[in-house]
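Enquirer: Below you'll find the structure I mean.
The values are calculated or read from the model by the stated rules, or taken from the named source; none is laboratory data. Small disclaimer: the values here were computed from a predicted structure and weren't measured. As a convention, Cβ positions derive from the backbone with ideal geometry for all residues, glycine included, and neighbour counts pool all protein chains shown.
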Amino acid sequence: MSDDSKDFERFGVVDGGKLADDDFATPGRSVFGDDVSFEGDDDVVPHWKEKPTGTVPQVGGSPSGSVIFEPADEPVLQEADPSELAAWSKASSSPGWADPQSDHESVQPAVVGDVSTPTADAFFSDHDDTAGVGQFGTAAAPGAGADEQSLAAQLGGIASVPTGERDMPMAIVVGLALAATILAAMWVGPAVALVVVTVALGLGAVEFFNAVRVAGYQPAVLLGLTAIVMLPLAVYWRGEAAIALVLVLALVFGSLWYLMGVGTGGALRGLGVTMLGIVHLGVLGSFAALMLAVETYGTGLLTAAILLTVAYDVGGLAIGRVMGRNPLSHASPNKTREGLVGGMIVTVIAAVVMGLLAMPAPIAGSAIEGSGLGTALLLGIVVAVVAPIGDLAESQLKRDIGIKDMGSILPGHGGLFDRFDGLLFALPTTYYVANVLLFT
């Protein structure tokens, strides 16, 4: 076909191998055949300017056969029964508050800044992000279900996360009872004291791992608890070399924990927080067992570490409450510089008193060469420095995961981890000071 042709390519109906003669449809011609025509339909289909007739146009038919739609009358609403209207006569169409004397009186909206305990508990208990927290060997994935209990609930509140002001009378009573328990255990013998130390570290580990799981970490809980409990027993049996052995085994089995898919949430975060708990609680706490393993003078070393740490805690708390004005650190806004200085001074004074009273041996007195007032004073100065570091280090962990206390097993104090945070740093300090000054 030439470019100037009027023809165009088309499909044709083949009739006996030939194109039909009638290849082109006449404009205006019906596709339904010649017997269908719209001629004479003008009386059925009115002009667009005229009013509609209500009839249906007939193609090729007569107007007499058309269907006529008669418009129906507008529906009339049935009058309501007067007895029914009487029931709604007191109703108001405008919105309004509930009657103060109605049945809804007990349902009051929560006031901002004065949220009730049940309201807060209901909010946090339904939060899916903490579902499954504290399950040994399982991951606490968000959305796992609100029916899962936390490790704190399973252990009867040992590792709960309380808030509120400290009850000082209760704190004093609990502190004295705790000190009496530890001192009585050491008086009985190193083996009994070792049991007390191991139990305390195990409960502190429960508090720590529960707290970090609530914060969204996925540690190897069972592995961490095992390592922390075994560390004091191992070092009491085999000495300092056991620390390196347990740490290596913990790292190896911790890596396998995540390689085999037992732990979820990422090996870097999970294994990292697991090893942090093992070192902070297990390794530092195991120095209590190392001191107990020292023949004859082990209980004296541990007693000195405990007394000096308690002196710092009591002095810092008392002076901080009376004279505290300047915040010490963002990690613990309630602690003040005045409390820090006061606690350090009280610690040094306690060391001097120990030296003057010549007890406990071997730090004070003349039990062995090197012991006496000078050794006690030096140990007091060193503990006065490291105890607040341990206190602030644990406060920093709590602030990072957004809690006030690690637990609630000790009324007025929080958890065991909260109570022994400064002592955990004082234990290795006392052990090495004694090694350098007394046992070399």
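Enquirer: Which ranges mark the helices (runs of 4 or more DSSP H) fully within region 360-440 that have 3 or more residues being surrounded by fewer than 21 Cβ atoms within 10 Å (Cβ to Cβ)?
Expert: In region 360-440, the matching helices (runs of 4 or more DSSP H) lie at 373-401, 421-437.
Enquirer: Out of all the residues in region 207-235, which are buried (at least 23 other Cβ atoms within 10 Å of the Cβ), assigned to a helix (DSSP H, G or I) and not aliphatic (A, V, I, L, M)?
Expert: Answer for region 207-235, where residues must be buried (at least 23 other Cβ atoms within 10 Å of the Cβ), assigned to a helix (DSSP H, G or I) and not aliphatic (A, V, I, L, M): E207, F208, F209, N210, R213, G224, P232.
Enquirer: Okay, next question. Assess whether R166 counts as being modelled with pLDDT under 95, out of contact with any helix residue (DSSP H, G or I) (no Cβ under 6 Å at 6 or more places or on another chain) and either over 25 Å from G265 (Cβ atoms) or surrounded by fewer than 22 Cβ atoms within 10 Å (Cβ to Cβ) (or both).
Expert: Taking the combined requirement at face value, the residue satisfies it.
Enquirer: Which of (1) loosely packed, with under 14 Cβ neighbours inside 10 Å; (2) touching a residue at least 12 places away in the same chain (Cβ under 8 Å); (3) over 30 Å from G300 (Cβ atoms) is the odd one out, the single condition V173 does not satisfy?
Expert: (3)
Enquirer: Hey, another quick one. Among the residues that make up region 356-379, is at least one of them modelled with pLDDT under 95 and in contact with a Lys or Arg (Cβ under 8 Å, 6 or more places away or on another chain)?
Expert: The answer is no, given that none of the residues of region 356-379 is modelled with pLDDT under 95 and in contact with a Lys or Arg (Cβ under 8 Å, 6 or more places away or on another chain).
Enquirer: Looking at G254, G263, which one is outside any helix (DSSP H, G or I), assigned by TED's automatic domain parsing to the domain that holds L201 and surrounded by 15 or more Cβ atoms within 10 Å (Cβ to Cβ)?
Expert: Selected residue: G263, the only one of G254, G263 that is outside any helix (DSSP H, G or I), assigned by TED's automatic domain parsing to the domain that holds L201 and surrounded by 15 or more Cβ atoms within 10 Å (Cβ to Cβ).
Enquirer: Taking interchain pairs and intrachain pairs at least six residues apart, which have beta carbon atoms under 6 angstrom, with the first residue in region 352-365 and over 16 Å from A384 (Cβ atoms) and free of Cβ contacts under 8 Å to residues at least 24 places away in the same chain and the second among the polar types (S, T, N, Q) and crowded, with 16+ Cβ neighbours inside 10 Å?
Expert: Once the first residue is over 16 Å from A384 (Cβ atoms) and free of Cβ contacts under 8 Å to residues at least 24 places away in the same chain and sits in region 352-365, its partners that are among the polar types (S, T, N, Q) and crowded, with 16+ Cβ neighbours inside 10 Å give G365/S371.
Enquirer: Let me ask something else. What about M323, is it without any contact (Cβ under 8 Å) to a residue 24 or more places away in the chain, surrounded by fewer than 23 Cβ atoms within 10 Å (Cβ to Cβ) and not assigned by TED's automatic domain parsing to the domain that holds V353?
Expert: It is false that M323 is without any contact (Cβ under 8 Å) to a residue 24 or more places away in the chain, surrounded by fewer than 23 Cβ atoms within 10 Å (Cβ to Cβ) and not assigned by TED's automatic domain parsing to the domain that holds V353.
Enquirer: Sort out which residues of region 319-359 are in a strand (DSSP E or B) and either in contact with a strand residue (DSSP E or B) (Cβ under 8 Å, 6 or more places away or on another chain) or not hydroxyl-bearing (S, T, Y) (or both), and write them in order of number.
Expert: Passing the criteria: P327, L328, S329, P333, N334, K335, T336.
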